[in-house]
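The values are calculated or read from the model by the stated rules, or taken from the named source; none is laboratory data. Nothing here was measured: the structure is a model prediction, and the numbers come from that model. So basically every Cβ, Gly included, is an ideal-geometry build from the backbone, and we count neighbours across all protein chains shown.
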Amino acid sequence: MLKRILQIGAFLLLPAVAVSAQGFEIKGNIPGLVSGSVQILRPTPGIQFEKVRIENGQFVFKGTVDHPTVVQLKISTKSFFMFLENKPYKVNVPFDSLKGESIIGGMYNLEYHEYKAAFKEPMVYLKAHPYLQIAPWLATQADQNAETAVEGYNLLSAIGKASYYGQELANRIEGYKTRAAGTVYPDFKLTDASGKTFSVSDFKGKYVVIDYWASWCAPCVAYIPKLRELYHQYKDKNVVFLSISLDDDAQKWQAGMEAHKMEWYQGLAEGGFTDQGLRKTFNIKGIPYVMVVGKDGKIVANMDYAQKVKLPELIAELVKK
């Protein structure tokens, strides 16, 4: 009898298993919506999906993800976040009532919306639910600094640590260590405007103010006049200014340098703004970002967009030593 029950259960699971093996499927039936399109706007980097047309309120969106991941799904004029894995999903509500919770399917997505409904801070929720499937993702959301990153990582199970988001958090922790004050700045190669390579270690014996930027970054461009002011104030006081571009396009980088008359040292980093470049090396979440390296080649300070207002004071203190 038990064998018979197991056979029936296995048979009933076949459709779901088949979908899981092939990828995800989001099937929609939305009364009140005649036409439009469905698209994923913010998938994990490297994942691309084509738009799907809506016909008479119905659509079927199929694809494959390498791992469960948070995406932004847009249905006609409405968009919301969901946790997507290779499972079947259904949407069967009138367009006026459509919201994120309307997408039914997948344990990750269920846990994700339960978390959203709880209105709790990520770390608070993670501590209360460390064994959820979304726990590794929660830990990345709770990551504010090196301490919270390590705290969140230590709450995860072995399976959670081995997951995509668990490994992402482990990489961030390494980035925090790499950029920590007192750590020797990594000796990687940069390319200057003429195509020659150099590295930060070439300036050993001087203080190096490193500005991470990109030509497309409006806050970075807005900070250039302040950098220019500091450059002229300290260029003859054993201080080197270096702007490292995270541009993906070398021509746009060159055009940006010329347009903004960046007369100090300039370097282009490999990998651009992707997760394979310096952002991963140092766990830089956004730019502009400033690092100061001492005469001994060790990192003195890190400053994000909000903290860089302290840069003039720091340089003034360093040149007195």
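Tabulated data for the structure shown
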| read-out | value |
| --- | --- |
| Residue match in region 135-147 (condition: of a type in the set (A, V, I, L, M) and modelled with pLDDT under 95) | yes |
| Those strands (runs of 3 or more DSSP E) lying entirely in region 36-123 with at least 2 residues closer than 24 Å to ALA139 by Cα | 69-75, 78-84 |
| When residues of region 108-131 are limited to those that are among the aliphatic types (A, V, I, L, M) and more than 25 Å from ARG172 (Cβ to Cβ), the one surrounded by the most Cβ atoms within 10 Å (Cβ to Cβ) | LEU110 |
| Residue that is nearest to the chain's Cα centre (by Cα) [pool: residues in region 151-193 that are more than 28 Å from ALA250 (Cα to Cα) and in a loop (DSSP other than H, G, I, E, B)] | SER163 |
| Within region 232-246, tally of residues that are touching a strand residue (DSSP E or B) at 6+ places or on another chain (Cβ under 7 Å) and buried (at least 19 other Cβ atoms within 10 Å of the Cβ) | 8 |
| Qualifying positions in region 156-182 - β-branched (Val, Ile, Thr) and in contact with a helix residue (DSSP H, G or I) (Cβ under 7 Å, 6 or more places away or on another chain) | ILE173, THR178 |
| Verdict on PHE59 being surrounded by 14 or more Cβ atoms within 10 Å (Cβ to Cβ) and within 24 Å of the chain's Cα centre (by Cα) | no |
| Test: residue in region 288-295 that is at pLDDT 95 or above and surrounded by fewer than 18 Cβ atoms within 10 Å (Cβ to Cβ) | yes |
| Test for ILE134: is it outside the structural domain of ASN283 (by TED's automatic domain parsing), surrounded by fewer than 19 Cβ atoms within 10 Å (Cβ to Cβ) and touching a helix residue (DSSP H, G or I) at 6+ places or on another chain (Cβ under 8 Å) | no |
| Residue match in region 265-274 (condition: at pLDDT below 95, of a type outside the set (S, T, N, Q), touching a strand residue (DSSP E or B) at 6+ places or on another chain (Cβ under 9 Å) and farther than 15 Å from TYR289 by Cβ) | yes |
| Selection from region 100-145 of residues that are among the aromatic types (Phe, Trp, Tyr) and either at positive phi or in contact with an Asp or Glu (Cβ under 7 Å, 6 or more places away or on another chain) (or both) | TYR108, PHE119 |
